[in-house]
Structure formats: C-alpha cells, structure tokens
Amino acid sequence: MARIVMKFGGTSMAGTERIRRVARIVQRQQAAGHEVAVVVSAMAGETDRLVNFCREANPLYDPAEYDVVVASGEQVTSGLLAMHLQALGCKARSWLGWQLPIHTDDAHAKARIEGIDSEAVLASMASGEIAVIPGFQGLSDKGRVTTLGRGGSDTSAVAVAAAVKADRCDIYTDVDGVYTTDPRIVAKARKLKNVTYEEMLELASVGSKVLQTRSVSLAMKEGVRVQVLSSFIDDDAPAADTIPGTMIVSDEELEGLDMERQLITGIAADKNEAKITLTRISDRPGAVAAIFGPLAAANINVDMIIQNIAKDKGETDVTFTVPLADLARAQALLEERKDTIGYYRLLANSKVAKISVVGVGMRSHAGVAATMFRALADRGINIQAITTSEIKVSVLIDEDETELAVRVLHTAYEMDAE
C-alpha cells in the first residue's frame, strides 16, 4: 500500500463529465489499497474569468480581495469532485486551504507556502477517506485567504505530498508525460521514463509547460517523487502504477536505475521573450548597474545579456532579454532613465524565441554547444544571444524559425524515436 497525492489540472476538471472521469481514476487508486489525497485546479478558463471580474470592478484592485475572488474556482471543483466520489460509494471530504490549514506568507496573489498542518488530513486518509484539497490557495498569518500565483496548484500538490510524506505525487495533465520536445512540433519526440529534478527545473524555466517551476523546485528541496500522467485515459485502463508516465526523481535515484543516460534530455522553445538593445552607452564603471538595477527593483527578470565594447570610442552596446509580458514596462522604465543611463537609442524586438537544450549529460561531455551552433548554422538560423548553465545551453533566434530550429536540434542530438 502506498500513500499517493494526485493532482488534476484545469483541463481535467473542465465540466461534469471530466470531473466524473477524474473521480473514477481516483476511485481505482483507492480500490488498489492506497491512501489517497487529491489536489484540484479550477475548471479550465475559470481563473481567467474571475480575474477579469476583478479588473472590471477596479483596475487597481486590492490583492487581498483579488485572492478571495480567484480562490473560489478551486473551491468549486474540490466540492464537486468530493460529491462525485461519494456518488461512486467512496468516503470523501473536501478540505479548503484554511481548514488544513496551508500556511503561507501574506504576499497576496504570489504567496509562498511556509508549512502545512497535516495531522487531521492524515487521520482522515488513514480511516479510508479521500481528502480533496483545492490547489492554489492558503492562509496568511493574518487569517486571510491567499493564492500562490498562476499554476500554483502544482506547488500545492507537491507541498501536500511533502507534508503527508507521500510515496509520490501524481500530476495528471492533458499530456501523458514529459517528452524530449513538443510532439506537436516533432512527431518523433519520445516520452521520457525518468527526468532529474534539475533537468525538469531547467526545462520548466525555459518554456516547457508541463510543470510549474516552483513546484519542481519544491519537489527537489523536499525529495518528493513526482510522476506526470494523463487524465485522458479510457475507463478500463489500468491504474497509474502499471502505466507510468514520466517520473521526476533525484540524481541519486536515477543513477541507480539500469538505463543508458541520454546526453540531452529535452529541447524547449519559448516565444514569450523580448529583446532590448541599448546603443552607445558610455564604457565606465556603473553604467551597466544603472540599467539592471531599476529593472530588478521593478521585478522584471533579465535573462540573456550581451555587452559589446568598442574600445576606440569608449562606448558599448548592451543587449538583453526580458519576458514578453514585461517589455512595455521595461521600455517605459528605461526611457524614463535615458539621461541617467546615457544611451543613444533603445531598440526592442518582440519577434524572438529562446531555444534551449537541457541534459545532465553535459556535465561530462564536451561539444554540446558546438553541435547546437553547427546544426543551426547549417540551416541558416542566426543566433542573436546565448546563455548557459551547467546543464543547459539557450540561444535566441528569430521567432519565425522556432519550429525549424527545434526539429533540426532534435535530429542533431539523435533524439528522434525509431
């Protein structure tokens, strides 16, 4: 018997029939003898609808009241799923974030989980009751409802799994696992049996939409084994234990498996990037700090940075990327500080994409970046910026060449399925 936390996303909970399907999946796990807790998202599109209500009420809405409104989406699905489970003859109870409680800080709309009181829900699970918990929400030390930010239900599920010391956390989505790349772009993409926390963290941060970055970081910190599965399976399909998706585990556990490690684990593409270039900045100490200090103060994340120095003129051009959603704010902020920074022109380009190759095999193999650069050059794809980490190489290219680049690299690293 195992203790399992199951999480179902918005597409899995989108309407009565899908919730009924989820109830049957959960019922099968309990019937197999497992202790089960379930974390649910709001129905697909529901959070967007609630956010729009807040904006219509007051464009400068109070984040604390925003949380009260948007947290209601998960409350609805948790109650409905408990009802469907009861209709199937299961003992089930919904537990709202404040009833466990799930303790968070008071950063409304982007709260972080500080701890979970698990005694009551553990007793409930031990008695054979299925605990149904709304994701995305918690309780501040001031007694106010908080939310964790978009995609926060993944983080909720991992946190609950850590609190109840679950054997694993099964995250059900509309895909049946983590692939070497987006199968809609590369038909020969392969589903991966195992991925390390570090690899999944990199993939999530560079465009893979399978898991929220914070949830992977928390799983790595707490040592929670996470499995990615599809909820869109036939009613007569066997339980998840016998048809695993992708298991996300530690390096140590993966090294113990009898398998050949692939040099590159995955290729991700992200079109939600924008490039900014500031020209003819004075080449002096503090010039770059004058650019990136205000951006950091405005919580605008900067990724790729390139500085070109023209020594004969004492000037430099600085190019960097920001999230596409922050481009307008970044431009406005930099234009306000044009005289302080001392640049000549600000050039912005929103038609770019970041392509990343990720794999722990890079640590012990040379030539990964060279293969990437050569493969792109052979197809005439120009690289505008580069950034690297120990297990990742990312390049910035023209948005129109995204799919071509992904296909070319997937083949270059011999990742195509047979």
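Data overview
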{"item": "THR321 in contact (Cβ under 8 Å) with a residue 24 or more places away in the chain, β-branched (Val, Ile, Thr) and farther than 17 Å from SER394 by Cβ", "result": "no"}
{"item": "Residue in the stretch 272-293 that is open to solvent by 20 Å² or more (accessible area, probe 1.4 Å), closer than 30 Å to LYS188 by Cα and touching a residue at least 60 places away in the same chain (Cβ under 8 Å) present", "result": "yes"}
{"item": "Close pairs (8 angstrom Cβ cut-off, 6 or more residues apart or separate chains): at positive phi in the stretch 178-197, open to solvent by 70 Å² or more (accessible area, probe 1.4 Å) and hydroxyl-bearing (Ser, Thr, Tyr) anywhere", "result": "none"}
{"item": "Selected residue (only one of GLY79, GLY135 is within 22 Å of MET6 (Cβ to Cβ) and either open to solvent by 10 Å² or more (accessible area, probe 1.4 Å) or modelled with pLDDT under 95 (or both))", "result": "GLY79"}
{"item": "Residue check, ILE309 over 21 Å from the mean Cα position of the chain (by Cα), modelled with pLDDT under 90, aliphatic (A, V, I, L, M) and within 23 Å of LEU396 (Cα to Cα)", "result": "yes"}
{"item": "Whichever residue in the stretch 266-318 is basic (Lys, Arg) and part of a strand (DSSP E or B) and, among such residues, is farthest from LYS351 (Cα to Cα)", "result": "ARG280"}
{"item": "Options PRO238, PRO323: the member that is of a type outside the set (S, T, N, Q) and modelled with pLDDT of 90 or more", "result": "PRO323"}
{"item": "Any hit, the stretch 371-383, residues being under 30 Å from the mean Cα position of the chain (by Cα), open to solvent by less than 80 Å² (accessible area, probe 1.4 Å) and in contact (Cβ under 8 Å) with a residue 60 or more places away in the chain", "result": "no"}
{"item": "Subset of the stretch 169-183 that is surrounded by fewer than 22 Cβ atoms within 10 Å (Cβ to Cβ) and of a type in the set (D, E, K, R) - its residue that is modelled with the highest pLDDT", "result": "ASP182"}
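Quick grid of which residues meet (1) in contact with a Pro (Cβ under 9 Å, 6 or more places away or on another chain); (2) more than 24 Å from VAL164 (Cβ to Cβ); (3) among the β-branched types (Val, Ile, Thr):
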site	(1), (2), (3)
LEU60	no, yes, no
VAL70	no, yes, yes
HIS84	no, no, no
CYS90	no, no, no
TRP98	no, no, no
HIS108	yes, yes, no
ALA123	no, no, no
GLU129	no, no, no
GLN137	no, no, no
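The values are calculated or read from the model by the stated rules, or taken from the named source; none is laboratory data. These figures come from a predicted structure and were not determined experimentally. Glycine gets a Cβ as well: all are built from the backbone with ideal geometry, and neighbour counts include every protein chain shown. Accessible surface is based on the protein model in full, side chains and every heavy atom, while ligands, DNA and RNA are left aside. Shrake-Rupley method; radii C 1.70, N 1.55, O 1.52, S 1.80 Å.
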